[in-house]
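Peer 1: Before I ask anything, here is the structure I am working with.
The values are calculated or read from the model by the stated rules, or taken from the named source; none is laboratory data. As the structure is a prediction and not an experimental result, all values here were calculated from the model. Cβ sites come from the backbone with ideal geometry, for glycine too, and all protein chains shown count toward neighbours. We work out accessible area using only protein heavy atoms, side chains counted, and drop any ligands, DNA or RNA first. Shrake-Rupley method; radii C 1.70, N 1.55, O 1.52, S 1.80 Å.
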Amino acid sequence: MSAENEIREILSRYTRAADRRDGEALAALFAPDAVVEVHLHGPDGLDDGELLGKLIGAEQIEMAMTTAMAPHPPLGWSHHTTYDHLVSVHGDEASIEAQFITFNVVGTRKPVGGWPAGTFGAQGTITPIESGYYRFTFRRTDGAWKIRHQDVIHDIPYVF
């Protein structure tokens, strides 16, 4: 697998761990001393926004995912999607920038007597709840890529 594809795969593993609220799987993608910074998109671009929060170290990142994210309701899920990946690899250093949208997915519980006549298709709601940019930097150590730094840049205000 090319280094570019390895980096894209780490992003895919990141979004799946976030959707499952799996702090252990998420933290395993990060270097022990990694930093995550959460920003609000600035009026003039990605680099002039307000810093909303900062996590330092894989242990703190794991705890934030495990305890700070609201659990999913029954028949509920989140679904992170990423697109427009910009990957750069230079030896043992790499980066990826991607746009993201997170959807809140909540299924409708099947009525006790069954679905009414004429009911068809997906039952529930899918609502976009956040969007923005992810920027990651990586370092390859002992043949494995680890996230060193992540910026999460939200398009709309985000409260912790």
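Peer 1: At 7 Å along the Cα-to-beta-carbon direction for both ALA25 and THR66, put a label point, then send me their distance in nm to one decimal.
Peer 2: In this crude label model, ALA25 to THR66 measures out at 1.5 nm.
Peer 1: Please work out the average accessible area per residue across the stretch 38-79, using the 1.4 Å probe convention, and give it in Å².
Peer 2: Ligands and nucleic acids excluded, the figure is 64 Å² per residue.
Peer 1: On to the next question. Where the accessible area of the chain is counted over protein heavy atoms with a 1.4 Å probe, how much of it, in %, is carbon and sulfur?
Peer 2: Its accessible area is 56 percent carbon and sulfur atoms.
Peer 1: Please compute the per residue accessible area over the stretch 83-133 with all protein chains in place, 1.4 Å probe, rounded to a whole number of Å².
Peer 2: Ligands and nucleic acids excluded, the result is 65 Å² per residue.
Peer 1: Any idea what Rg and Dmax come out to for the stretch 60-115 if you just take the C-alpha atoms, in Å?
Peer 2: 18.1, 61
Peer 1: Considering only LYS110, LYS54, LYS146, give the residue with the highest GNM mean-square fluctuation for the chain, with springs between Cα atoms whenever their separation is below 10 Å.
Peer 2: LYS110
Peer 1: Extending each Cα 7 Å along its Cβ direction at ILE156 and ALA144, get the distance between those two points in nm, one decimal.
Peer 2: 3.8
Peer 1: Still on this model: Ratio of the chain's C-alpha Rg to 2.2 N^0.38 Å, to two decimals?
Peer 2: After normalising by residue count via 2.2 N^0.38 Å, the value is 1.18.
Peer 1: Can you compute the FRET efficiency between ALA117 and ASP84 using 1/(1 + (r/R0)^6), with r the Cβ-Cβ distance and R0 = 30 Å? Round to the nearest 0.05.
Peer 2: The pair ALA117/ASP84 has a calculated efficiency of 0.10.
Peer 1: P(r) for the stretch 12-69, please, calculated from all Cα pair distances in 10 Å bins and given in %.
Peer 2: Cα pair-distance distribution for the stretch 12-69, in percent: 25, 44, 28, 4.
Peer 1: Of ALA117, ALA70, ALA18, which is the most mobile in a GNM of the chain whose springs link Cα atoms less than 10 angstrom apart?
Peer 2: Maximum among the listed residues: ALA117.
Peer 1: Who wins for biggest fluctuation among TRP145, TRP77, TRP115 in a Gaussian network model of the chain, springs between alpha carbons below 10 Å?
Peer 2: The residue with the greatest mean-square fluctuation here is TRP115.
Peer 1: Moving on. Taking the 0 to 90 degree range and rounding to the nearest ten, how far is the long axis of helix 3-20 tilted relative to the main principal axis of the chain, both from C-alpha atoms?
Peer 2: On a 0 to 90 degree scale, this one is about 40.
Peer 1: Tell me which GluC sites (Glu not before Pro) from the stretch 32-87 have a DSSP coil assignment and no more than 16 other beta carbons within 10 Å of their own.
Peer 2: GLU50
Peer 1: If you split all Cα-Cα distances of the stretch 104-146 into 10 Å bins from zero, what percentages do you get per bin, shortest first?
Peer 2: 19, 25, 16, 17, 15, 8
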